[in-house]
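Let me begin by presenting the structure, written as structure tokens, before commenting on it.
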Amino acid sequence: MVPDFAGSIAIYIIFWWMVLFGVLPMFRAGDVLDKEDVAKGMDAGAPKNPRLMIKFAITTVISAVLFGLFYWAMASGAISLQG
């Protein structure tokens, strides 16, 4: 049984957040603040440019592929959420 529209949106959002936490550490090598740029209360390992938009785009694409595979598996009967 395939989830309804609201259930599908909820499942996609769960996929999206899980993938985001895997994508956030990407593109970090050599991109930290210099010692003179660090103000009181800032993390010295914070990136100069976090590139959040590209990370959100990558997360969206990966999540869409994973959700598509999940939806196909649900529609074909390979997996079921029935107890």
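Conditions tested, residue by residue: (1) modelled with pLDDT under 95; (2) surrounded by fewer than 12 Cβ atoms within 10 Å (Cβ to Cβ); (3) aliphatic (A, V, I, L, M).
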site: Met1; (1), (2), (3): yes, yes, yes
site: Ser8; (1), (2), (3): yes, no, no
site: Phe15; (1), (2), (3): no, no, no
site: Met18; (1), (2), (3): no, no, yes
site: Asp31; (1), (2), (3): yes, no, no
site: Gly41; (1), (2), (3): yes, yes, no
site: Asn49; (1), (2), (3): yes, yes, no
site: Ile62; (1), (2), (3): no, no, yes
site: Leu66; (1), (2), (3): no, no, yes
- Message: Of everything in segment 68-83, what is out of contact with any helix residue (DSSP H, G or I) (no Cβ under 9 Å at 6 or more places or on another chain), closer than 23 Å to Trp17 by Cβ, open to solvent by 80 Å² or more (accessible area, probe 1.4 Å) and not aliphatic (A, V, I, L, M)? Give them in sequence order.
- Response: Trp72
- Query: Conditions: (1) modelled with pLDDT of 70 or more; (2) open to solvent by 60 Å² or more (accessible area, probe 1.4 Å); (3) not polar (S, T, N, Q). Glu36 meets all but one. Number of the miss?
  - Reply: (1)
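The values are calculated or read from the model by the stated rules, or taken from the named source; none is laboratory data. Note that the structure is a prediction, hence the values are computed from the model and not measured. Methodologically, a virtual Cβ is constructed for each residue, glycine included, from the backbone with ideal geometry; neighbour enumeration extends over all protein chains shown. Calculation scope for accessible area: heavy atoms of the full protein, side chains included, ligands and nucleic acids excluded. Shrake-Rupley method; radii C 1.70, N 1.55, O 1.52, S 1.80 Å.
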